[in-house]
Amino acid sequence: MMNKVLFLVAVIVAVMASSVKAFTLNMMSGRKPLMGGNWKLNPQTTKDATSLATEFAKKVKGKTDVDIVIFPPHPFLFPVYEKVEATNVQMGGQNCFFESDGAYTGAVSTCMLQDVGVKYVLCGHSERRCVFKDDDTAIARKVKKVIKQGMNAVLCFGETQEEYEAGLNHEVCAIQLLKDLSMVTPEEMSQVVLAYEPVWAIGTGLVCPADVAQEVHQFCRSVIAKKYGQAIADKVIIQYGGSVKPENVKEIMSQPDIDGCLVGGASLTADSFAKIVHFNDQ
Ligand code: PGA
């Protein structure tokens, strides 16, 4: 009986030690985890958007060891901002244009985004690349414009299923990173967050195995090290995105080069996104 109890205690201590170790690894690197909720084209009304934000903010109140940002659709940015302004939930924009003003019907400028409380802007999300045909030249200009505006650019990149199956994930990521960061100086890298999002894992329920994601993140950090030096590479936050859920977030976040998650579907309910943000609490 005593042996059994001792064994159980040993197992519990080992499990706790391994999750504390993974978390402290990231903390030791000085990279504070960043969790983002990308709402995409959801929800459909201001009322639903503000209640989602309010409910979520309540559930993550006081959580300060993780940075938190939500990316509502543009028409809901200001009403949502009013609800979360005094909380630890920061605001993000899903897209912007690289020109400041003028005759660009349908476009949204970085100044407009900043004026409604936005601190982070997604650039190069795969849906923008595929559906709206944003190319690397446009994405590079958007990244630069966001930085110039004094906000943080979240540069999304990643390979398609075909490219993954052909074993080209490293090449594709390196090309996208180098093209999209072509206008960014070393000093400006403190305003850049990277988000590795394998296209085949977005909204499909297919999660990139944590060890594969880790290996790509490590590779991408080495690409940044070559371009900007090791010190900058060690500081840059690299998020993982693609079917992140409360059930798999812990394993993903236990990888040393994964510094956060960009969450789509699971950020649309306050409960599941709050569980993701609290990944290191149990
Ligand atoms: P998902 O989307 O979590 O629904 O796969 C992630 C994203 O597109 O950022």
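No lab work stands behind these numbers, since they all come straight from the coordinates. The structure presented is a predicted model; accordingly, all values stated were derived computationally and were not measured. Note that we place each Cβ from the backbone using ideal geometry, even for glycine, and neighbour counts take in every protein chain shown.
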Tell me, what ³J(HN,Hα) does each residue in region 216-225 have, in order and in whole Hz, if you take phi through Karplus 6.51 cos²θ - 1.76 cosθ + 1.60 with θ = phi - 60° and put x for Gly and Pro? 5, 4, 4, 4, 4, 4, 5, 5, 5, 4
Once each part is reduced to its C-alpha centroid, what is the distance from region 68-90 to region 207-282 in angstrom? 22
Average Cα contact separation per residue, the chain, under 8 Å, 6 or more apart, as relative contact order %: 21
Can you return the aspartates and glutamates within cross-link range of Lys275? Criterion is Cα-Cα under 18 Å, with same-chain partners fewer than 8 residues away left out. Glu55, Asp65, Asp67, Glu247, Glu251, Asp259
Environment charge of Ile147, counting only residues whose C-beta is closer than 15 Å and scoring Lys/Arg +1, Asp/Glu -1: +3
Provide the gained length on full extension for the span Glu187 to Asp211, in nm with one decimal, where the gain is 0.36 nm per separating residue minus the Cα-Cα distance. 5.6 nm
Environment charge of Thr110, counting only residues whose C-beta is closer than 12 Å and scoring Lys/Arg +1, Asp/Glu -1: +3
Suppose R0 equals 41 Å; then what is the FRET efficiency for Thr64 and Ala103 from their Cβ-Cβ distance, rounded to the nearest 0.05? 0.40
Would you mind checking which residues have amide H under 5 Å from Val193's amide H? H placed 1.01 Å from N; only 5 or more apart, or other chain. Ala153, Val154, Leu155
Can you show me the helix-derived [θ] at 222 nm for the chain, built from DSSP H runs with n ≥ 4 at -39,500 (n - 2.57) apiece and divided by the number of residues, rounded to the nearest 500. -13500 deg cm²/dmol
Please list, in order along region 106-123, the HN-Hα scalar couplings obtained from phi with the Karplus expression 6.51 cos²θ - 1.76 cosθ + 1.60 (θ = phi - 60°), rounded to whole Hz, x for Gly and Pro. x, 8, 10, 8, 5, 5, 4, 4, 4, 5, 10, x, 6, 10, 10, 10, 6, 10
Take the alpha carbon gyration tensor of region 95-181, find the square roots of its eigenvalues, order them as a ≥ b ≥ c, and report rounded if a/c is under 1.5; if not, report prolate when a/b exceeds b/c, else oblate. prolate
Over 32 Å between Cα atoms, which of Lys63/Lys227; Lys142/Lys245; Lys61/Lys179; Lys63/Lys226; Lys40/Lys148 qualify? Lys63/Lys227; Lys61/Lys179; Lys63/Lys226
Region 144-282: relative contact order as a whole-number percent, Cα under 8 Å and 6+ apart: 23
For region 261-268, Karplus-derived ³J(HN,Hα) couplings (6.51, -1.76, 1.60; θ = phi - 60°; whole Hz; x for glycine and proline) come out as 9, 10, 10, x, x, 6, 8, 8
Taking each pair of different alpha-carbon atoms in the chain once, compute 1/r for the pair, average those values, and report the inverse of that mean as the Kirkwood hydrodynamic radius in Å to one decimal. 19.3
